[in-house]
Structure formats: structure tokens, C-alpha cells
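Visitor: Provided herewith is a single structure, encoded as C-alpha cells, for subsequent inquiry.
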Amino acid sequence: MSSERQYGWMWVEALEVLERAERLQRQFVRYLGPGADAAVWEPPVDVVESTEGVLLLFALPGVAPEDIDVRLEPAALTVSAVRRLKLGRSDAVIRRLEIPHGRFIRRVALTGLPLTLSASRYERGCLEVHLKRALEK
């Protein structure tokens, strides 16, 4: 195997390890600040860019659509909400909690041409946000 192929393979492997580590970090509940309104977790997001604009897909299973807030700023898109803990009964005992609950805020930086909010929809636990490129002046 040539050294170019070997190093290319190692680079891809290193990127995959970093990506896995980032996903694991997001899975754990984190304390991000004081107060009842502090964010404690971040949902994963896919970002797909095309010539028309940007599609962002946030994984938000268990989040009620009316609890979701989407804000488009000049340099970022911010999505925040609360995933409420459902115990079902008052005498329930929690044995394990792996799904993060509570308030989250996810901010995705945006660069390039200005974008406008084209559409958003919540379906099957995923929030799709479509941003359209603003017309150049």
C-alpha cells in the first residue's frame, strides 16, 4: 500500500473517530448554566446545503411542536424547546434515564449569503427548517 493511500485512510479514520466523539458528547446531559431556564442538552442536527439554500433537520423525538422556538439571526439559526419528562404514574421509580430531558438550545452558525426562513415543519419527531438564499442586490 502506498504511503498516500495509507495516510488518506488514516485521515478518514481520524475524522470518523472525531465525529463519533462529538455525537457521544451530545448524548450526555450537560449542565450549561444556572437557573431553571438553563439548557441541559443539544439535539443532533443534519445540515444540507444546495444552490437554493440550506435544509436543517433536528432530531427532536418527544418534543411537543408548540414548545419549539425557531429564530433566524443574521449569523445563526437558533432552535430551543423543552422535552418534558413523562413518568406516567406518581408512584413510578426511575431506574434509568438515557434520553435527555429538559430545556435545550441548539445554535447553528450560518455563513455566506443572507438567508431567509422559507418553511419549517415538525413530523415524526424531526424538525425540518428550510432556509432560502436571499436575492443578491
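Visitor: Going through Val70, Val40, Val54, Val82 one at a time, which residue ends up being surrounded by 15 or more Cβ atoms within 10 Å (Cβ to Cβ), at negative phi and touching a Pro at 6+ places or on another chain (Cβ under 8 Å)?
Guide: Val40
Visitor: Does at least one position in region 24-39 carry a residue that is modelled with pLDDT of 80 or more and either within 17 Å of the chain's Cα centre (by Cα) or closer than 21 Å to His130 by Cα (or both)?
Guide: Taking region 24-39 as the starting set, the residues that turn out to be modelled with pLDDT of 80 or more are none.
Scanning region 24-39, I find no residue that is modelled with pLDDT of 80 or more and either within 17 Å of the chain's Cα centre (by Cα) or closer than 21 Å to His130 by Cα (or both), so the answer is no.
Visitor: Follow-up question, since we're still on this one. Could you say whether any residue in region 125-132 is at pLDDT 85 or above, in contact with a helix residue (DSSP H, G or I) (Cβ under 9 Å, 6 or more places away or on another chain) and on the phi < 0 side of the Ramachandran plot? Step through it out loud before you land on a result.
Guide: So in region 125-132, the residues at pLDDT 85 or above come out as 125-132.
Now restrict to residues that are in contact with a helix residue (DSSP H, G or I) (Cβ under 9 Å, 6 or more places away or on another chain): 127.
Pick out the ones that are also on the phi < 0 side of the Ramachandran plot and you get 127.
Yes, region 125-132 contains at least one residue that is at pLDDT 85 or above, in contact with a helix residue (DSSP H, G or I) (Cβ under 9 Å, 6 or more places away or on another chain) and on the phi < 0 side of the Ramachandran plot.
Visitor: Here is a follow-up. Looking at (1) surrounded by fewer than 10 Cβ atoms within 10 Å (Cβ to Cβ); (2) hydrophobic (A, V, I, L, M, F, W, C); (3) at pLDDT below 90, can you tell me which one Ala109 breaks?
Guide: (3)
Visitor: Report yes if Val48 is under 15 Å from the mean Cα position of the chain (by Cα) and touching a residue at least 40 places away in the same chain (Cβ under 8 Å), otherwise no. Outline the logic, then answer.
Guide: Details: under 15 Å from the mean Cα position of the chain (by Cα): yes; touching a residue at least 40 places away in the same chain (Cβ under 8 Å): no.
No, not satisfied.
The values are calculated or read from the model by the stated rules, or taken from the named source; none is laboratory data. Computed from a predicted structure; not experimentally measured. Neighbour counts are summed over all protein chains in view; Cβ atoms, including those assigned to glycine, are modelled from backbone coordinates with ideal geometry.
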